[in-house]
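The values are calculated or read from the model by the stated rules, or taken from the named source; none is laboratory data. Because the structure is predicted, anything quoted here is derived from the model rather than measured. Neighbour counts run over all protein chains shown; Cβ positions are idealised from the backbone, glycine included.
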């Protein structure tokens with residue numbers, strides 16, 4: 001069995017659920033699994049309770065922003081990797097990916113290194129022009145440090161291949177613990193709930209969610225709009241539009257709330273392959289999503305929801321779903337049927353075992369793969 005070390009700066013929300021699922025399943029197979037992480041506002045207070053007892057947690061001095069303290073973080077990562085002596089190092093998110101690959105190179109261990117971006121930041125159209133080019137340059141340089149980039153969606157794979165030109169690239173689609181995703185109870189008679197889940201950030205474009213709520217609320221007075229999560233961008237805009245903002249909920253509570261929704265609305269400008277959207281599909285919640293990396297890879301247009309190329313189409317599709325409980329139930333049923341197979345943890349672990357130990361990943365059967 002292998003000694004596997006996961007390192008992440010982004011240990012909250014969808015990334016938290018994805019990483020804990022992978023680590024738990026690897027531990028169940030007998031591997032020695034550890035996680036080096038930094039705490040965010042969205043990191044569950046008692047993170048260990050979501051992990052198997054054998055999975056070890058180590059706090060690390062990593063932060064989201066680029067700063068001079070990254071030198072200290074780099075040195076800490078070098079020591080950490082040397083102390084752990086892993087067979088496999090798996091890095092998650094851009095900060096851990098850049099510093100971790102450099103640290104692994106400096107540490108000169110015989111570890112196999114993998115990096116999951118979970119959303120390439122420079123693809124975010126809302127990011128400032130200079131910042132986008134800086135992040136692109138860092139990702140391009142980081143790819144020269146070695147290791148394998150692991151894209152979590154077909155669109156991310158295409159973008160990474162074209163824009164980063166890495167020496168090693170693999171595709172392993174995200175998955176969820178489908179056994180823990182409750183089934184949507186079906187359309188209710190007392191209202192229509194439209195939800196989304198994620199950090200309030202430029203990437204998620206909460207102002208678009210607010211505009212949809214403002215436009216459709218007069219037409220569908222029984223409709224309610226809810227943003228599950230918190231952050232530093234757009235809260236007031238959402239509240240002014242009548243959107244309820246829950247703040248950060250526990251992973252279980254957030255999942256329960258998504259699964260009870262009638263429509264899942266994803267307004268983001270870029271993604272990797274969003275876990276909350278996958279959970280909504282597995283629960284049987286029809287989705288309307290922006291036509292961007294990650295979103296277009298989860299939803300099958302016209303079959304499990306709709307992919308909207310602009311705000312006008314988004315308004316139209318959400319309105320159509322609000323107007324027809326039969327349409328919501330039909331698309332939701334298909335979403336669950338397809339999602340239970342496509343996003344299962346058994347497929348995820350099979351892909352990762354093949355990648356970790358055979359140097360290859362099975363290309364998944366992608367229902368609606370797109371390109372950028």
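Key figures
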| read-out | value |
| --- | --- |
| In the range 302-321, residue nearest to the chain's Cα centre (by Cα) [restricted to those that are part of a loop (DSSP other than H, G, I, E, B) and farther than 25 Å from residue 126 by Cα] | 304 |
| Matching residues, the range 147-176, being out of contact with any strand residue (DSSP E or B) (no Cβ under 7 Å at 6 or more places or on another chain) and part of a helix (DSSP H, G or I) | 155, 156, 158, 159, 162, 163 |
| Complete set of residues in the range 3-43 that are surrounded by fewer than 24 Cβ atoms within 10 Å (Cβ to Cβ), in a loop (DSSP other than H, G, I, E, B) and in contact with a strand residue (DSSP E or B) (Cβ under 6 Å, 6 or more places away or on another chain) | 31 |
| Residue ID - nearest to residue 86 (Cα to Cα), chosen from residues in the range 112-121 that are more than 14 Å from the chain's Cα centre (by Cα) and touching a residue at least 40 places away in the same chain (Cβ under 8 Å) | 112 |
| Filtered residues of the range 82-96 (kept if closer than 13 Å to residue 36 by Cβ and either at pLDDT below 90 or not in a strand (DSSP E or B) (or both)) | 82, 83, 84, 86, 93, 95, 96 |
| Test: residue in the range 199-206 that is assigned by TED's automatic domain parsing to the domain that holds residue 348 and assigned to a strand (DSSP E or B) | no |
| Residue under evaluation residue 348, criteria (1) surrounded by 16 or more Cβ atoms within 10 Å (Cβ to Cβ); (2) more than 24 Å from residue 209 (Cα to Cα); (3) assigned by TED's automatic domain parsing to the domain that holds residue 303, criterion not met | (3) |
| Residue in the range 177-188 that is in the same structural domain as residue 269 (by TED's automatic domain parsing), over 22 Å from the mean Cα position of the chain (by Cα), over 27 Å from residue 230 (Cβ atoms) and in a loop (DSSP other than H, G, I, E, B) present | yes |
| Pick from the range 309-319, criterion touching a residue at least 12 places away in the same chain (Cβ under 8 Å) and surrounded by fewer than 17 Cβ atoms within 10 Å (Cβ to Cβ), ranking: farthest from residue 211 (Cα to Cα) | 309 |
| Residues of the range 188-206 classified as surrounded by fewer than 16 Cβ atoms within 10 Å (Cβ to Cβ), touching a residue at least 24 places away in the same chain (Cβ under 8 Å) and in contact with a helix residue (DSSP H, G or I) (Cβ under 9 Å, 6 or more places away or on another chain), total | 1 |
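This table checks each residue for (1) over 27 Å from residue 349 (Cβ atoms); (2) touching a helix residue (DSSP H, G or I) at 6+ places or on another chain (Cβ under 8 Å); (3) modelled with pLDDT under 90; (4) in a helix (DSSP H, G or I).
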{"site": "45", "(1), (2), (3), (4)": "yes, no, yes, no"}
{"site": "63", "(1), (2), (3), (4)": "yes, yes, yes, no"}
{"site": "109", "(1), (2), (3), (4)": "no, yes, yes, no"}
{"site": "114", "(1), (2), (3), (4)": "no, yes, no, no"}
{"site": "133", "(1), (2), (3), (4)": "yes, yes, no, yes"}
{"site": "137", "(1), (2), (3), (4)": "yes, no, no, yes"}
